[in-house]
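Data block below; observations after.
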Amino acid sequence: MSQICYWLLRQQNQLLVSIDDNGVAMFPRARADEFGGLVDPILVGHYQGDPCYASEFTDLPAHIAGQLTPVRSLFSMAGPEVFALAGRATQLMDWKKNHRFCGHCSTPTQVKSTEFATECPACGLVCYPRISPAIMVLIRRGKNELLLGRSPHFKPGMFSALAGFVEAGESLEECARREVREEVGVEIGEMEYFQSQSWPFPNSLMIAFFAEYVSGEITPDPAEIEDAAWFSIDDLPTLPDRVSIARRLIDEAIARSRV
């Protein structure tokens, strides 16, 4: 491969990032033969007109400068386009690593050349990258109150919208009502779709909704929610980072309340 490309190179769940003369973070840009030792790179997209390939690495040539950076940090360092590309790359590398053998007959699989899929040469089973749909619900009571919850793994003081994974056989709306009922014990009424976001930790697709409060007292499920409460939009707790759709959802609710 002689074409100059961008390279999303991963080691220990971090990506190699270069900082240019203007202080801008970007992925290394070079020909494949300048790296050496890369095994079956995956084409994950294009950036600024050039193809982007992803690969794991162990030893990097000394002339390739850069620093290992967590994927989440790339949003603030380089913006949403780079963050999305990095998320796609990590998910595809995980998929390729975790589907080396057929889940039905254990035969080594082959990566199809026409799509992102592995195929078993023995039984024909085709496996695509796993996507785990999850809903997020921001519950409003009146014009100025939001129901926010706190998971035990959040950083100190932070609250967010409620969220949970879609179960087999569920619609998004059914999932939203079940998760809200299970996590905080309240009932919601009308729902409004907001936005979706690919969330590569490890392979979620977040689908966010607004929902109107109907009834019930907040009763947090201790297995899921450390604390939950109604907050005035004028007196909110620490909120999620702007990298997440949760923050955009809350910011939109605040903006609408002030119209």
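Just so you know, all these numbers are worked out from the coordinates, no wet-lab data involved. Keep in mind the model is a prediction, meaning the values are calculated, not measured. Every residue, glycine among them, receives a Cβ derived from its backbone with ideal geometry; neighbour counts consider all protein chains shown.
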Which of 79, 45, 103 moves most in a GNM of the chain, Cα contacts under 10 Å?
103
For the chain, taking Cα atoms only, what is the radius of gyration to one decimal and the Dmax to the nearest whole Å?
21.6, 63
With each label point set 7 Å from Cα along the Cα-Cβ vector, what nm distance links residue 192 and residue 158?
2.7 nm
Which residue, 246, 84, 65, has the most motion in a Gaussian network model of the chain that connects Cα atoms within less than 10 Å?
65
For the pair residue 29 and residue 115, the simple spin-label estimate (label points 7 Å beyond Cα toward Cβ) gives in nm 3.3 nm
Per residue, how much space in cubic angstrom lies within the convex hull of the C-alpha atoms of the stretch 1-98?
97 Å³
Added length on full extension, which subtracts the Cα-Cα distance from 0.36 nm per residue, residue 247 to residue 64
62.3 nm
Would you mind calculating the relative contact order of the stretch 5-97 from Cα pairs under 8 angstrom and at least 6 residues apart, reporting the percent as a whole number?
34 percent
Figure the gain on full extension for residue 131 and residue 255 (residue separation times 0.36 nm, minus the Cα-Cα span) and round it to one decimal in nm.
41.5 nm
Check which residues have an amide H placed less than 5 Å from residue 227's amide H, if you skip close sequence neighbours.
150
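Give me the percent relative contact order of the stretch 132-257, please, defined on Cα pairs under 8 angstrom at least 6 residues apart.
Relative CO of the stretch 132-257 lands at 34 percent.
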Among the Cα-Cα pairs of the stretch 127-173, the proportion with separation greater than 17 Å, in percent, is 53 percent
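Got the relative contact order for the chain handy, in percent, Cα pairs under 8 Å and 6 or more residues apart?
Computed over the chain, the figure is 15 percent.
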